[in-house]
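The values are calculated or read from the model by the stated rules, or taken from the named source; none is laboratory data. Treat the numbers as computed from the prediction; the structure is a model and nothing was measured. Here the Cβ is made from the backbone with ideal geometry for all residues, glycine too, and neighbour counts use every protein chain on show. What goes into the accessible areas is simple: the full protein's heavy atoms, side chains included, and nothing from ligands, DNA or RNA. Shrake-Rupley method; radii C 1.70, N 1.55, O 1.52, S 1.80 Å.
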Amino acid sequence: MTLKRKDLLTIRELEPEEIFLILETADSMKEIASREIKKVPALRGKTVINLFYEPSTRTRTSFEIAGKWLSADVVNISTSASSVTKGESLLDTGKTLQAMHPDVVVIRHPVPGAPKILADRLQASIINAGDGAHEHPTQALLDLFTIRERLGRLEGLKVAIVGDISHSRVARSNIQAMRKVGIEVRVAGPATLLPRFPEQLGVEATTDVEDAIADADVIMMLRIQRERHGPTMLPSLREYSRLFGLTVERVKKAKEGVLIMHPGPINRGVEIAPEVADGPYSLILDQVTNGVAIRMGLLYLLTGGQRTER
Amino acid sequence: MTLKRKDLLTIRELEPEEIFLILETADSMKEIASREIKKVPALRGKTVINLFYEPSTRTRTSFEIAGKWLSADVVNISTSASSVTKGESLLDTGKTLQAMHPDVVVIRHPVPGAPKILADRLQASIINAGDGAHEHPTQALLDLFTIRERLGRLEGLKVAIVGDISHSRVARSNIQAMRKVGIEVRVAGPATLLPRFPEQLGVEATTDVEDAIADADVIMMLRIQRERHGPTMLPSLREYSRLFGLTVERVKKAKEGVLIMHPGPINRGVEIAPEVADGPYSLILDQVTNGVAIRMGLLYLLTGGQRTER
Amino acid sequence: MTLKRKDLLTIRELEPEEIFLILETADSMKEIASREIKKVPALRGKTVINLFYEPSTRTRTSFEIAGKWLSADVVNISTSASSVTKGESLLDTGKTLQAMHPDVVVIRHPVPGAPKILADRLQASIINAGDGAHEHPTQALLDLFTIRERLGRLEGLKVAIVGDISHSRVARSNIQAMRKVGIEVRVAGPATLLPRFPEQLGVEATTDVEDAIADADVIMMLRIQRERHGPTMLPSLREYSRLFGLTVERVKKAKEGVLIMHPGPINRGVEIAPEVADGPYSLILDQVTNGVAIRMGLLYLLTGGQRTER
């Protein structure tokens, strides 16, 4: 089976079978990470450009490692070291890069829709690595992968997503991914940070975090991103932590063995207590490990790789 | 045939036959970019250092891709992440790098002559990737390559270069390269930005852009580099655009099918109209593509590669 | 013989035989630098992360080249381009990176002990590439290598280290390394920059530089690091240079053929005169060359490589 699309821009556009294809392919990639020699020739002679307009350790490194383990040539471009400072438009930068014949361009950009601008005009495969408050599809894919890996299934599960729902690309991509595979989603957060029309997203929304997590199989905490909203929308951090932070006490009120996720980087003691982040039911580091596998799978599929049927 | 020099510092120092050797070698490299597997072992075990004292997306990326497709180890050093902040002199940095046995050092530096300082003292091959307002030889080589690729010849052609001639390393390198291969060059721009003694450069200079482009086969527009000259030398951008910008109307007054070039990044609506930059006679993206081929050819020749005679 | 430790954090923790094992291994690596094809497959499929919280050209480049010549995948992370700006703790960054299964993490950090924080919690091998004023063990190893290479032995030699002894990680690591292999060490510098209890370090301390270097086989000058101490501790640079700088006159008063070392980058005319730095007895560039060999040897040993007995 092959992925019949050039780009991965959003979860919204994916069919459920495409999601499962990516998960299956990532599954066969994951084993490479535990080999003595972490290297396969699948993308030899392919060029992957990481075009990052926002700083990032984990996502850029994850894509870079994924590409290198597949033997691709990986080129990093970050705004600080780029002619972006000379004021070239995104599309002109994209067309310039295209003229160098990359196979894949991974882009992170503060403006929603930026990856689509490139996808519509470039031959290279475009992967959205986060565009403003819009989408972060590889995050949602690695999150599904992680849940399925631990619980053996996705359909029928209940997930609570807690935090700044309305500004989070992680929440937006995950809500759509989860709805597509039959997960029931509840979101919780301060009233000002909840989506206005949750029913349109197919989720239930509440300002009562304990209500949201009560019967959840998985609790996904979002990072408080102080840089994304003004001081008036958010109560003080201490207040936020008191009302919405995932403390040991709150976890105790949830289902026994409820799984804890967070896209990272975590703010310890703000949205999540250290004991919870480091606890036995935390999947936070599994998410990171699986991120490499998901990106390997995606790079492989987008450059024409085929998944062998089992 | 081999290139009998260690470094590429300027176009000025090149014999015409050396220029043609580089163009021929690049020609045989260009095909690699369209392969399924863009990788040849020519520079395996060679080390290329990109030492950039000025920000650059396209040139650094072009050299990096060229090196990687040839299987070289490529190491990027940019001022922002370097001990240059500790105030080490250029020559000491160069000698330190030399002690790590690189085969090639590609340098971009704001000071004219900086690459020569390294070339005179280091064993590694030095490639000038732009030194202040002095030279940018690989740009001129890729420009010649692009013209020849499209028109089948160089000798006897007429090229108009328009913009800030006196501060442009692109213009300086191109004028010399073009004169050496028998191209007739006219330059146009505001009086304050024209060379004082154009006859010494072997070109005609005029402040009338329409006169300059009237019978040209190729029009090469230069980027307005606001960072390189004070506010008094340049009329306002709107005024500049009105007097010197390459508009659709101006192109209509030139020869039918006149080719349009620009080293990029372009300022749309300032020195060049979007319709012209994106039009059928624009070679702007061919220039980028050919830049990789020229740099592959150069890296190959400077590390001892031999061009097979046809 | 193999190195029976996961990490290299300090010289203090090393047994003399471990030091000699690393020197021997580096010795067999050094020859690779002079090959036509500088590439061996020893670390193929291994991943090395360079995690630099302080700017550095030479050390980062040295590790990057060492890794690449051994065929490792090398990933650079520098603070300027990282989510460190999002305020994640060092340990959380480390655990996140660990989840991507690197084999080695090379870390430079302004806080003493930072590498140990990672070493205690991560499976990957940690190499300390400089932690504040604490240690810089690979520098000391390459210094020992360089001295032994030139003089054929270490035991019984006399070395003078001159400069800001008390704030220098280079001095701290070197003093320990030298004491372990039987080198006699004298340190000299302004009284405010000398260690308070030199006898605890096993060295003699003096404010009289000429006395310190009088019968030394090697003089190791330290870089004046203006960023590391306030204006009151240090006399003016001119005064410093006059009292402690290594001038031609001073060298003449020392032993004939005394060897000169400096970790770089040098401040010409401050702590060392240009004639001395560039003179026939200067080992400064040998130190850089040997730095790559030492780091190759270390990467090889820490990833399980075995040194064949001769």
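Details
- Elements of type strands (runs of 3 or more DSSP E) in region A:189-290, at least 3 residues being in contact (Cβ under 8 Å) with a residue 40 or more places away in the chain and within 30 Å of C:GLY94 (Cβ to Cβ): A:218-221, A:259-261
- All of B:ARG196, B:ARG179, B:ARG172, B:ARG238 fail the test of being surrounded by fewer than 22 Cβ atoms within 10 Å (Cβ to Cβ), at pLDDT 95 or above and of a type in the set (Lys, Arg), apart from B:ARG179.
- Counted residues, region C:276-309 - those being within 12 Å of another protein chain (Cβ to nearest Cβ) and over 20 Å from the mean Cα position of the chain (by Cα): 3
- Members of region C:48-62 that are within 8 Å of chain B (Cβ to nearest Cβ), under 19 Å from C:GLY297 (Cβ atoms) and in contact with a Pro (Cβ under 9 Å, 6 or more places away or on another chain): C:ARG58
- Number of residues in region A:13-26 that are touching a Lys or Arg at 6+ places or on another chain (Cβ under 9 Å) and open to solvent by 20 Å² or more (accessible area, probe 1.4 Å) equals 5.
- Residues that are outside any loop (DSSP other than H, G, I, E, B) and either more than 25 Å from A:ARG108 (Cα to Cα) or not acidic (Asp, Glu) (or both) within region A:8-23 comprise A:LEU8, A:PRO16, A:GLU17, A:ILE19, A:PHE20, A:LEU21, A:ILE22, A:LEU23, listed in sequence order.
Quick grid of which residues meet (1) under 25 Å from the mean Cα position of the chain (by Cα); (2) modelled with pLDDT of 95 or more; (3) more than 7 Å from chain A (Cβ to nearest Cβ); (4) closer than 28 Å to A:VAL270 by Cα:
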position: C:GLU64; (1), (2), (3), (4): yes, yes, yes, no
position: C:GLY67; (1), (2), (3), (4): yes, yes, yes, no
position: C:ASN76; (1), (2), (3), (4): yes, yes, yes, no
position: C:SER80; (1), (2), (3), (4): yes, no, no, yes
position: C:SER83; (1), (2), (3), (4): no, no, no, yes
position: C:GLU88; (1), (2), (3), (4): no, no, no, yes
position: C:GLY94; (1), (2), (3), (4): yes, yes, yes, yes
position: C:MET100; (1), (2), (3), (4): no, yes, no, yes
position: C:VAL104; (1), (2), (3), (4): yes, yes, yes, no
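- Some residue of region C:25-40 being among the aliphatic types (A, V, I, L, M), away from every other protein chain (no Cβ under 11 Å) and not in a loop (DSSP other than H, G, I, E, B): yes
- Among residues that are over 28 Å from B:PRO41 (Cβ atoms) and either without any contact (Cβ under 8 Å) to a residue 40 or more places away in the chain or not charged (D, E, K, R) (or both), A:LEU70 is not included.
- Within region C:260-275, considering residues that are open to solvent by less than 10 Å² (accessible area, probe 1.4 Å) and of a type outside the set (A, V, I, L, M), the one farthest from the other protein chains (Cβ to nearest Cβ): C:GLU271
- Selection from region B:268-309 of residues that are out of contact with any helix residue (DSSP H, G or I) (no Cβ under 8 Å at 6 or more places or on another chain) and of a type in the set (D, E, K, R): B:ASP278, B:GLU309
- Of the set (1) closer than 27 Å to B:ASN128 by Cβ; (2) open to solvent by 10 Å² or more (accessible area, probe 1.4 Å), all apply to B:VAL187 but (2).
- If only residues of region A:180-225 that are within 19 Å of the chain's Cα centre (by Cα) and of a type in the set (D, E, K, R) are counted, the one that is nearest to A:ILE266 (Cα to Cα) is A:ARG223.
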